[in-house]
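Below: one structure, written as structure tokens.
The values are calculated or read from the model by the stated rules, or taken from the named source; none is laboratory data. The structure presented is a predicted model; accordingly, all values stated were derived computationally and were not measured. Every residue, glycine as well, gets a Cβ built from its backbone with ideal geometry; the counts of neighbours run over all protein chains shown. Surface areas here come from the heavy atoms of the whole protein model, side chains and all, with no ligands, DNA or RNA. Shrake-Rupley method; radii C 1.70, N 1.55, O 1.52, S 1.80 Å.
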Amino acid sequence: MTKNLPLFGGIEGGGTKFVCAVGTGPGDIRAETRFPTTMPEETMSRVVVFFQEQEKEFGPLAAMGFACFGPLDPHPASPNYGHILPTPKPGWTNVDVIGPLKAAFDLPINFDTDVNGAALAEGRWGAAQGCNPVLYLTIGTGIGGGALVNGKLLHGLLHPEMGHISIAHDMAKDPFPGTCPFHGDCFEGLACGPALEKRWGARAESFGPDHPAWELEAQYVAAALANYIYTCSPQRIVLGGGVLQQPHLLPLIRQKVQEKLNGYVQAPQVITAMDEYIVAPGLGGQAGVLGAFALAEQVFS
Ligand code: ADP
Ligand code: ZN
């Protein structure tokens, strides 16, 4: 019964690839394309052409959602709205990525970070339905988090930067200085995929389950999650990103979070139901595109 639902355009803008799709939600993705992220002008014109073709095929879209790599400015009233803020990605700093879409389509467009899109989609359709607040964290090339509070994404100044918090770093045990160009050994600097690669001299994909990397990684992730639990009191935490594809990591993180909290947070979720509290994403490979659809849908809420 999807034919009466508004048709959305969704853009998942990643640092290495863009995915564009047309549909209404899970189970109804009518067309999809993906291409590498090259220079902004070329990349955005491919996006425009894709949606122009889809509108010919499926009729007018109701709204677009653009879940993009950051940092970015998500505030519609800001002069920088729709821009990528200074980023290490060559060619993309201060680029107005919404401009070409606005010029080509007379549509409401909701622009936000990829992690905010994922948080919204996991709350709407995925592993965090019915939970409030929802916290979504990705551990991949970088570390980023989004919070869904009363059905709305938490923004504020710009958007949360949950990867850049400080966590305890015992230099005697782990002399690695961290990879963050801004902070060195912030959480992202210590625990993102490239930090694992640099510290241990090989990509994390190649580590066996007994590699000492995982104990340390779980300790850092647990430290960060405990801080988020104390500050935001999320009812569920969804952990995504490439590094979490190691199946043994999630149980280790749960155990260390419980140790870290040490019984202080007296909520049943963290005392007896940790397996249902810190969970893998429910939307799998579709999370990015569904995040973009969920952003588009927000236009009507
Ligand atoms: P991105 O963050 O760029 O969107 P990913 O979430 O896939 O992409 O994260 C990429 C990072 O995750 C890389 O540093 C990579 O080494 C790491 N990674 C990818 N797959 C695995 C895996 N199976 N086990 C451990 N680390 C992984
Ligand atoms: Zn940092």
Give region 144-184 a look and list any residue that's at positive phi and assigned to a loop (DSSP other than H, G, I, E, B), or say none.
-> N150, G151, G156, G178
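So, in region 108-143, how many residues would count as being out of contact with any Cys (no Cβ under 8 Å at 6 or more places or on another chain), of a type in the set (S, T, N, Q) and not in a loop (DSSP other than H, G, I, E, B)?
Applying the first criterion (out of contact with any Cys (no Cβ under 8 Å at 6 or more places or on another chain)) to region 108-143 yields 108-110, 115-122, 124-132, 134, 136-138.
If we keep only those that are of a type in the set (S, T, N, Q) too, we end up with 110, 116, 129, 132, 138.
Filter again for not in a loop (DSSP other than H, G, I, E, B), leaving 110, 116, 138.
Number of matching residues: 3.
Could you please let me know if R34 is closer than 21 Å to A121 by Cβ, open to solvent by 20 Å² or more (accessible area, probe 1.4 Å), touching a residue at least 24 places away in the same chain (Cβ under 8 Å) and not assigned by TED's automatic domain parsing to the domain that holds L158? Lay out the reasoning, then the answer.
Numbers: closer than 21 Å to A121 by Cβ: yes; open to solvent by 20 Å² or more (accessible area, probe 1.4 Å): yes; touching a residue at least 24 places away in the same chain (Cβ under 8 Å): no; not assigned by TED's automatic domain parsing to the domain that holds L158: yes.
No, not satisfied.
With respect to V243, is the statement that it is at pLDDT 95 or above and among the β-branched types (V, I, T) true? Walk me through it before giving the result.
Details: at pLDDT 95 or above: yes; among the β-branched types (V, I, T): yes.
Spelling it out, V243 is indeed at pLDDT 95 or above and among the β-branched types (V, I, T).
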Might you check whether a residue that is of a type in the set (S, T, N, Q) and either at pLDDT below 95 or touching a Lys or Arg at 6+ places or on another chain (Cβ under 6 Å) (or both) occurs anywhere in region 53-73?
-> no
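Residue-wise test of (1) within 16 Å of ligand 2 (Cβ to nearest atom); (2) assigned by TED's automatic domain parsing to the domain that holds V48; (3) open to solvent by less than 40 Å² (accessible area, probe 1.4 Å).
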site	(1), (2), (3)
D96	no, yes, no
G99	no, yes, yes
K102	no, yes, no
I109	no, yes, yes
L120	no, no, yes
P160	yes, no, yes
I165	yes, no, no
Considering each residue of region 218-244, count those that are within 16 Å of ligand 1 (Cβ to nearest atom), farther than 18 Å from D174 by Cβ and either part of a helix (DSSP H, G or I) or more than 18 Å from the chain's Cα centre (by Cα) (or both), and give that number.
-> 2
Taking the residues in region 173-217 that are open to solvent by 70 Å² or more (accessible area, probe 1.4 Å) and among the aromatic types (F, W, Y) as candidates, determine which candidate is farthest from ligand 1 (Cβ to nearest atom).
-> F182
Kindly indicate whether any position in region 261-279 is over 26 Å from N132 (Cβ atoms) and open to solvent by 50 Å² or more (accessible area, probe 1.4 Å).
-> no
Pairs where the first residue, in region 229-244, is assigned by TED's automatic domain parsing to the domain that holds G193 and the second is within 16 Å of ligand 1 (Cβ to nearest atom) and modelled with pLDDT under 95, C-beta under 6 Å, 6+ apart | G241/G140; G242/G140
(1) surrounded by 19 or more Cβ atoms within 10 Å (Cβ to Cβ); (2) among the aromatic types (F, W, Y); (3) within 16 Å of H155 (Cα to Cα): which one isn't true of Y81, the others all being true?
-> (1)
Scan region 250-260 for residues that are open to solvent by less than 50 Å² (accessible area, probe 1.4 Å) and touching a helix residue (DSSP H, G or I) at 6+ places or on another chain (Cβ under 6 Å) and jot them down.
-> L252, I253, R254, K256, V257
Are there any pairs with C-beta distances below 8 angstrom linking a residue in region 168-184 that is in the same structural domain as G140 (by TED's automatic domain parsing) and in contact (Cβ under 8 Å) with a residue 60 or more places away in the chain to a residue that is open to solvent by 20 Å² or more (accessible area, probe 1.4 Å) and within 16 Å of ligand 1 (Cβ to nearest atom), with the two at least 6 apart or on different chains, and if so which?
-> P181/P88
